[in-house]
Amino acid sequence: MTSTPPAPAADTRLDTAALVADAVLFEGYVLYPYRASAAKNRMRWQFGVLVPPSWGSDSAEHSAQRTECLMEPRGGASLRVRLRFLHAQRRTVEELGPDGAHHEVESLELPDRVLSAWDEGVEEQVELTVDVGDLAEEGAELPFARPASEEYEAVIGTDGEPVGRLVRRRERIEGVLRLSATELPGPYRVLRLTATVENTSGWRPGEGAAADRAAALPHSLVSAHLILGLTAGSFLSMTDPPEWARAAVAECRNEHTWPVLSGEDGAADVVLSSPIILEDHPQIAPESPGALYDATEIDEILALRTAALTDQEKREARGTDDRAGAVIDLADTLPPEMLDRLHGAVRGLRAITEPAVPPPPEDTPHVPGVAEGTPWWDPGADRSVDPDRDRVLVDGASLGAGSRVLLRPGKRRTDAQDLFLHGRRALVEAVLHDVDGQVHLAVTVDDDPGAELRRVQGRFLYFQPDEVTPLEEA
């Protein structure tokens, strides 16, 4: 059914989650050195971009995202949904000529800033409140649209006279939010919630330059994400569900977004579904002085490097975007004590009164050759293992230090760097046993120019026996 949303009531829980979601909304919005001319800022909007269907079919980007998660609502519960995204608007610069007419220019020099063409992000929000019972019966659908618009802002010179203007053009975008819920069989009342966001804009690409990604962005939902809140009941964690719910969680299908718990004080009544994978209950670091948008660097480095920009670079940044200008002002006015806070933080401290390493029981026999007080987890305390001489049987072959193998990282690997090593030849440097009884092969990759340095430092690459294939010994 199509739902007409009532006027949403204030919900501080969703507002609190939105503070974290803002980091998602503006991630990569403008990158250091915060100038429109910087190469890093020419390819923008990397996360959660829902493009028009006509463009998505011809590109690697998508026109829809799908969220599925499990919830345990109580009787009479309502679901409050907040869809947030950025609407990209094109800002061009026009200079006032001697003839009294405005002419588009690449940049306009002012004493305090350099104005240039730029895509600004306008925050948009769609809200819907629906009874959970209705979701389980017919579902809910909310179409939405944002109209095209054109705005003009005069640019005033130092003498108080206009020297040009900024022209902001916003294209029409259309979309739809769909919600449904299905009750799952079992001893507990659990519902699988499905929420989809789709760009339904009818824009179609033109020919040549008009068919590129830059032409599709003004018709796209940028950094799209959902905040979901139950008025009564709770959601289940998708990353660490209770044992009885693991099978049901595994059957949930999430596409181009990932739901995490985001309630206050560890509560489970709010979910943030983000295009960036987060952990449950993500938080903004209290040491962070403000939005810096470039999460590929730590705040301390960004603040110091931004403060060190030349005056001309700062003028360009201030003219790029109000948010970029705010970063420059923040870096220029950051007090020393704030920088000290950025230098390092300890999240938890506890008093230590007992010895760092518990003494062994009095009846524990001393192992000859092992230093007194060596902790139980130190390999030197266990004479039954020897990384240089131990061997492990793989596919009928005995592998140890000096053996040659072919690397085949398993599906459990999540680090792309490991997957790049698939099919590479390597030399086994040691066979290690961890405290859980697992066996690991320390290896160096053939043709790795840093192999000798790894041996000196003892910093190898590690694979489990089922991730390698023995090679015939030379």
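The values are calculated or read from the model by the stated rules, or taken from the named source; none is laboratory data. Please read these numbers as outputs of a predicted model, since none were measured by experiment. Don't worry about glycine lacking a Cβ; one is built from the backbone with ideal geometry, like all the others, and counts go over all protein chains shown. What goes into the accessible areas is simple: the full protein's heavy atoms, side chains included, and nothing from ligands, DNA or RNA. Shrake-Rupley method; radii C 1.70, N 1.55, O 1.52, S 1.80 Å.
The GluC sites (Glu not before Pro) found in the stretch 108-143 that occupy coil by DSSP, while having at most 12 further C-beta atoms within 10 Å, are Glu138. Within the shell of other residues whose beta carbon sits under 10 angstrom from the beta carbon of Asp446, the net charge comes to +1, with Lys and Arg scored +1 and Asp and Glu -1. Dipole magnitude for the stretch 116-220: computed about the Cα centre from +1 point charges on Lys and Arg Cβ and -1 point charges on Asp and Glu Cβ, it is near 300 debye.
For the stretch 203-264, GluC sites (Glu not before Pro) meeting the loop criterion (DSSP other than H, G, I, E, B) and having at most 15 other Cβ atoms within 10 Å: Glu207, Glu251. Remark on the stretch 64-195: ratio of C-alpha radius of gyration to 2.2 N^0.38 Å is 1.70.
Accessible surface of the stretch 21-143, 1.4 Å probe: 46 percent of it comes from carbon and sulfur atoms. Inter-part distance, the stretch 217-275 to the stretch 13-30, computed on C-alpha centroids, equals 15 Å.
In plain terms, if you count all Cα to Cα distances in the stretch 113-168 and split them into 10 Å steps from zero, the share in each step is 15, 29, 19, 15, 13, 8, 2 percent.
The residues of the stretch 101-154 present an accessible area of 54 Å² per residue when probed at 1.4 Å with all protein chains retained. The alpha carbon convex hull volume per residue for the stretch 395-474 rounds to 109 Å³. Placing a pseudo-label 7 Å from each Cα along the Cα-to-Cβ vector at Asp466 and Arg168 gives an inter-label distance of 5.6 nm.
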